[in-house]
Structures are given as C-alpha cells and as structure tokens.
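Asks: Following this message is one structure expressed as structure tokens.
The values are calculated or read from the model by the stated rules, or taken from the named source; none is laboratory data. These figures come from a predicted structure and were not determined experimentally. No Cβ is skipped: glycine too gets one built from the backbone with ideal geometry, and neighbour counts run over all protein chains shown.
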C-alpha cells in the first residue's frame, strides 16, 4: 500500500539525486508553471526564479561567485540566499524558493 501524499508534499518538485548535482551545478525545474533555477554553491542548494527582474532574461548559466549569480544579458547580480539585486541595472529582487534534501534527493517548493 502506498502512503497518501499530503498537500505540502505535493508542492515539492524533485530536482535529482544530490550525488548527481556537484558543486557549481545549475539546472532549471518547473514549479507550478514557473521556471526555477537551482544552484549548488559552497555545499548548499539555492533556488530562485529563473528570471532576471531587469529584462526577463533567464539566469541559468550565469556566473556564480561570492554568493551571487550574474545575469549574462546585462550583468545584474543577485544574492543566492536573499534574491536581492546587488548591482544595476536590476532593482527588484528575484523570488526565492525553498530547498530540501530527503533520502538523497533534492527537492524545491514555493516559500
């Protein structure tokens, strides 16, 4: 018999096995119709909307350093932990998502 899935569990989307997501790994997953960027940086998983708030350009593939991801289009930098913009031209934060690891699988869900 399978266990019933709670509403909270239904919101979580599997990213993949932690062992297959090495340091520096980036990927995008769909969470409730929204592209979400997942980044492994300094052993932590971060998830934020895969969209620069300056000109709607995907953040996937941007350089990650000093806890920030850089939009490849115009150079805006966003903090992975807060979503806050740290350089122009962006002035609005990127929406964050929560991450968790359960039995070796990384999951993402809305905050």
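Asks: Just the residues that are part of a loop (DSSP other than H, G, I, E, B) and loosely packed, with under 15 Cβ neighbours inside 10 Å, please, taken from the range 60-79.
Replies: Scanning the range 60-79 gives 61, 63, 66, 74.
Asks: If you don't mind, there's one more thing I want to ask. Within the range 80-111, track down each residue that is in contact with a strand residue (DSSP E or B) (Cβ under 8 Å, 6 or more places away or on another chain) and within 17 Å of residue 21 (Cα to Cα).
Replies: Across the range 80-111, the qualifying residues are 80, 98, 99, 100, 101, 104, 105, 106, 107, 108.
For (1) touching a residue at least 60 places away in the same chain (Cβ under 8 Å); (2) part of a strand (DSSP E or B); (3) under 11 Å from the mean Cα position of the chain (by Cα), each residue gets a yes or a no:
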position: 19; (1), (2), (3): yes, no, no
position: 24; (1), (2), (3): no, no, no
position: 30; (1), (2), (3): no, yes, yes
position: 52; (1), (2), (3): no, no, no
position: 58; (1), (2), (3): no, no, no
position: 83; (1), (2), (3): no, no, yes
position: 94; (1), (2), (3): no, no, yes
position: 100; (1), (2), (3): yes, yes, no
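Asks: For residues that are surrounded by fewer than 19 Cβ atoms within 10 Å (Cβ to Cβ) and in contact (Cβ under 8 Å) with a residue 60 or more places away in the chain, tally how many sit in the range 102-111.
Replies: Counting residues in the range 102-111 that are surrounded by fewer than 19 Cβ atoms within 10 Å (Cβ to Cβ) and in contact (Cβ under 8 Å) with a residue 60 or more places away in the chain gives 4.
Asks: So is residue 14 at pLDDT 95 or above, crowded, with 20+ Cβ neighbours inside 10 Å and either touching a strand residue (DSSP E or B) at 6+ places or on another chain (Cβ under 8 Å) or assigned to a loop (DSSP other than H, G, I, E, B) (or both) or not?
Replies: no
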